[in-house]
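Reviewing the structure listed below.
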Amino acid sequence: MTNDSALHERLNRIESTLGLLVQQRTVKAWYTTAEIAQLVGKAEFTVREWCRQHRINAQKRACGRGPVREWMIAHEELVRIQNFGLLPVPTVSSRI
């Protein structure tokens, strides 16, 4: 391997690593389920299920795809998930 190609490969790795670090440090007010899934290392389906089951605090917002609304998760909730984990599974009382 020549010095130029080795240097080029190394610069590409450094650039990729910097890109990942910047992406991880970018703070947004709200995140999509896809963004949360990437940040916590889970599938997007899993994060949507957590929202549906109220395991995380999320809100639905209208999106550009007709009547379909997508889940949005606040930055504060992301921090809570990372520090303390999911909320307990809500139980339904059988008593009336």
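Against the definition (in contact with a helix residue (DSSP H, G or I) (Cβ under 8 Å, 6 or more places away or on another chain) and small (Gly, Ala, Ser)), how does Ala29 come out, yes or no?
Considered against the rule, which asks whether it is in contact with a helix residue (DSSP H, G or I) (Cβ under 8 Å, 6 or more places away or on another chain) and small (Gly, Ala, Ser), Ala29 comes out as yes.
Any residue in the stretch 77-88 that is in contact with a strand residue (DSSP E or B) (Cβ under 7 Å, 6 or more places away or on another chain) and either under 27 Å from Leu20 (Cβ atoms) or among the aromatic types (Phe, Trp, Tyr) (or both)? Break it down stepwise before answering.
Taking the stretch 77-88 and keeping what is in contact with a strand residue (DSSP E or B) (Cβ under 7 Å, 6 or more places away or on another chain), we get 78.
Remaining after also requiring either under 27 Å from Leu20 (Cβ atoms) or among the aromatic types (Phe, Trp, Tyr) (or both): 78.
Yes, there is a match, as at least one residue in the stretch 77-88 is in contact with a strand residue (DSSP E or B) (Cβ under 7 Å, 6 or more places away or on another chain) and either under 27 Å from Leu20 (Cβ atoms) or among the aromatic types (Phe, Trp, Tyr) (or both).
Looking at the stretch 45-54, is at least one residue at pLDDT 95 or above and touching a helix residue (DSSP H, G or I) at 6+ places or on another chain (Cβ under 6 Å)?
Checked against the condition, which is being at pLDDT 95 or above and touching a helix residue (DSSP H, G or I) at 6+ places or on another chain (Cβ under 6 Å), the stretch 45-54 yields at least one hit.
Would you point out which residue out of Lys42, Lys60 is closer than 26 Å to Val79 by Cβ, modelled with pLDDT of 95 or more and not polar (S, T, N, Q)? So that I can check it myself, show each step before the final result.
Working: Lys60 fails: modelled with pLDDT of 95 or more.
Unique residue meeting the criteria: Lys42.
Do the conditions hold for Arg69, that is, is it at pLDDT below 95, in contact with a strand residue (DSSP E or B) (Cβ under 8 Å, 6 or more places away or on another chain) and farther than 17 Å from Gln82 by Cβ?
In short, yes.
Kindly indicate whether Arg25 is touching a strand residue (DSSP E or B) at 6+ places or on another chain (Cβ under 7 Å) and of a type in the set (D, E, K, R).
No, not satisfied.
The values are calculated or read from the model by the stated rules, or taken from the named source; none is laboratory data. Just so we're clear, the structure is a prediction, and the values are computed from it rather than from any experiment. Cβ coordinates were reconstructed from backbone atoms using ideal geometry, including for glycine residues, and neighbour counts include every protein chain displayed.
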